[in-house]
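What follows is a set of notes on a single structure, which appears directly below.
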Amino acid sequence: MFAEAQLTLAAKSGVLTVPQSALQSTAGKPWVYAIEDGKLAQKMVTLGMQGRDDRGAAVEITAGLASGAQIVKSNLGDLPFGTPIRLSQTAAGTTPLADTKSTAAAQ
């Protein structure tokens with residue numbers, strides 16, 4: 001027999017969060033793929049609390065991105081920065097960042 005439990009140790013509301021899957025790291029420095037001016041860009045970010053929001057596993061971003069920025073939710077491999085990007089209305093791999101109405105909870 002076993003049990004699983006989740007404890008919320010702290011929570012913040014009104015913070016900027018991204019899906020955990022959007023985070024990349026180079027030499028221990030976190031970043032995300034962003035789409036700026038129709039091109040793929042690397043945005044270095046500063047992380048805050050990690051936990052879950054209403055969309056699943058999420059990480060608070062305390063610096064490096066603005067609310068509403070478009071990011072890519074998954075790793076694009078070796079696609080170079082500056083590559084032109086064209087989004088369709090149903091681009092499954094991209095998401096606008098949450099407004100500052102999200103809640104991050106450390107677990």
As an exercise: evaluate A27 against (1) at pLDDT 90 or above; (2) of a type in the set (A, V, I, L, M, F, W, C); (3) at negative phi and give the number of the one condition it does not meet. (3)
Complete set of residues in the range 28-56 that are hydrophobic (A, V, I, L, M, F, W, C), in a strand (DSSP E or B) and surrounded by 13 or more Cβ atoms within 10 Å (Cβ to Cβ): W31, V32, A34, I35, L40, A41, L47, M49
Options I61, I71: the member that is aliphatic (A, V, I, L, M), touching a helix residue (DSSP H, G or I) at 6+ places or on another chain (Cβ under 8 Å), closer than 12 Å to P19 by Cα and not in a loop (DSSP other than H, G, I, E, B): I71
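The values are calculated or read from the model by the stated rules, or taken from the named source; none is laboratory data. These numbers come from a predicted model, not from an experiment. All Cβ positions, glycine included, derive from the backbone under ideal geometry; neighbour counts span all protein chains shown.
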